[in-house]
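The values are calculated or read from the model by the stated rules, or taken from the named source; none is laboratory data. Since the model is a prediction, treat every value here as computed from it, not as a measurement. Glycine also receives a Cβ, built like all others from the backbone with ideal geometry; neighbour counts cover every protein chain displayed. We work out accessible area using only protein heavy atoms, side chains counted, and drop any ligands, DNA or RNA first. Shrake-Rupley method; radii C 1.70, N 1.55, O 1.52, S 1.80 Å.
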Amino acid sequence: MQHKTKTASIAIIAIVYLIAVFVGYMVFNSLKGAMYELGALFVADVVATVVVWFFGLVFRNVSVYDPYWSVAPPIMFTIWAIYKSVFTLPVILLLIAIWYWGIRLTVNWAYTFKGLSHEDWRYTRYRETQSSFLFHITNFFGLNMMPTVLVFVAMLPGFGLFEGTASVNIITWLGFAICLTAATIQLVADTQIHRFRESHPGQYCDTGLWKHGRHPNYFGEITMWWGVWMLYASLRGIDWLMLGPVAMTVLFLFVSIPMMERRQLQNKPGYAEYKKKTRMLI
C-alpha cells in the first residue's frame, strides 16, 4: 500500500511539473520578443516556480518543490539550445554534464521520497515554529523562490557558452571532467549513506566517502557548479559570472550544512566527536 501511495505521489508531482513546464514555456514564448531573452527565460522560471509553489499549498506539502532543483536546469538548458539552435561542442558537453547530474539527483530524490503524506523535516520545522503568516512568507520566498533564483544565477555561466566560440581547450575538458566527477561523487556518497542507514538506523554514517568528509554529497553539488563555471571560463575568461558558483557555495556553507549539522548533533549520538575529527566537505 505504501509503495502504491509513493508511486501515485510521484505521478502527481510529475503532472505538476509538466504543467509548470508548459506554463513557463508559454510565458517565455510571450515575452521573448518584448524583452531581453535571458530575462524572459528567468521570468518563465519564476512563474514555473509559482505553479509548483501553488500545488505545494494545495497538497500542504512544501516538498513538492524539492525535485525542481534538479529538473529545471536540464530542461532550461535544452530548451535554450533548441531555441538558439546552438549545439557546439561546449554546449553538448554542458548538456551531457547537466543531464547526468539532473537525472542522478532526481532519481535520488525519488528513492528517498516517501509520498505526498510526508514533508521534509526542515519544512515541517518552519511550519510548526512560525506563525501561519510568517510560514507562508518563508515558504514562498525562502523555500521556493530563493533556490530558484540561486540555481538560475549558478546557471548563467552555462548560458554564456551559447554565445561563445565553438572551440574547446584543455581547461574546457577539465571543467567537463569536474562536472562528471562531482555528480559521480554525489552518486557514490548517496548510495553509501542509503545502504548505511538501512543497516545502521539512527546512526551517523562514517564509512566510505563519509569517513573523509561530513558532507561529500554537498561537496559534489558545490563542485558541479564550479565545473559549469570552468566550462564557461575556459572560453570566455574570468568575469562577474563567477558569482554563480560563489553564491551556490555560500548557500551550502552557511545555510544547508549548518542546518543539517544542528539536526545531526541533536539526533545522532557521537556526532559531535565525528564532527571534531572529520572535515566538513572532503
Exactly one of (1) of a type outside the set (Lys, Arg); (2) surrounded by 17 or more Cβ atoms within 10 Å (Cβ to Cβ); (3) touching a His at 6+ places or on another chain (Cβ under 8 Å) is unmet by Thr88. Its number? (3)
Looking only at the range 252-267, decide whether some residue is among the aromatic types (Phe, Trp, Tyr), within 27 Å of Pro157 (Cβ to Cβ) and either surrounded by 15 or more Cβ atoms within 10 Å (Cβ to Cβ) or touching a helix residue (DSSP H, G or I) at 6+ places or on another chain (Cβ under 9 Å) (or both). yes
Considering only residues of the range 58-113 that are assigned to a helix (DSSP H, G or I) and small (Gly, Ala, Ser), which is nearest to Glu163 (Cα to Cα)? Ala81
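Yes/no matrix, rows are residues, columns are (1) surrounded by 21 or more Cβ atoms within 10 Å (Cβ to Cβ); (2) within 18 Å of the chain's Cα centre (by Cα):
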position	(1), (2)
Leu174	no, no
Cys179	yes, yes
Trp225	yes, yes
Val228	yes, yes
Tyr232	yes, no
Trp240	no, no
Within the bounds of the range 124-147, is there any residue that is modelled with pLDDT of 95 or more, under 20 Å from the mean Cα position of the chain (by Cα), among the hydroxyl-bearing types (Ser, Thr, Tyr) and in a helix (DSSP H, G or I)? yes
Which residues, counting only those in the range 97-148, are farther than 24 Å from Ile10 by Cβ, crowded, with 16+ Cβ neighbours inside 10 Å and β-branched (Val, Ile, Thr)? Thr138
Restricting the first residue to the range 142-170 and requiring it to be over 18 Å from Thr223 (Cα atoms), which pairs with a second residue that is outside any helix (DSSP H, G or I) meet a Cβ separation below 7 Å and a spacing of at least six or different chains? Phe162/Val86; Ala166/Thr88
Scan the range 52-64 and tell me whether some residue there is open to solvent by 10 Å² or more (accessible area, probe 1.4 Å) and among the hydroxyl-bearing types (Ser, Thr, Tyr). no
